[in-house]
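> One structure, as structure tokens, below. Some questions next.
Read-outs: derived from the displayed coordinates by stated rules, not from any lab. The model shown is predicted, which means the values in this text are computed figures rather than measured ones. Every residue, glycine as well, gets a Cβ built from its backbone with ideal geometry; the counts of neighbours run over all protein chains shown.
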Amino acid sequence: MGQLNPGMPAGSRGAAIVGRGVGDGPGPDVMGASTLDGNKVYSSDGEHVGKISEIMLDVRGGRIAYAVLTSGGFLGMGDTLHAIPWGALTLDTDEKCFRIGVTAQRIKDAPGFDKDSWPAMADPQWGTTLHEYYGSNPYWIGEGGPL
């Protein structure tokens, strides 16, 4: 099972950031979601496991909920999609990629979906199961309970 991001402040549910720091303009602490689409994702064992295809927002809560990882397939055909809890990811600003603290096999074994049958991402039971799978705290729970 994965682990919580070690570089995160207590109670934080966002993606950790590693790298040399901030340059001119926005980022890496505040970035446009479209700049992260297409970023590669690497597993804890160094394998390229896919690319970010969507950033899913919790509209009511005003938080990033999940990143959708696209893997497999060819030219968009037969892709497997995986919802990854945002807090399970680390943005590597030096390599311009994301890293996740689970093995490639664990991601391959995760329940996936295709572009025509998305899960009910607002369902707390589904979300809790997903966060447990990736060893991440649910984004909707703060230190003292729901945010």
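> What net charge do the residues around Met121 carry, taking every other residue with its C-beta under 12 Å from that of Met121, with Lys and Arg at +1 and Asp and Glu at -1?
So the environment of Met121 carries a net charge of -3.
> Under 14 Å from the Cβ of His48, count the other residues' Cβ atoms, weight Lys and Arg +1, Asp and Glu -1, and hand me the total.
Local charge sum for His48: +1.
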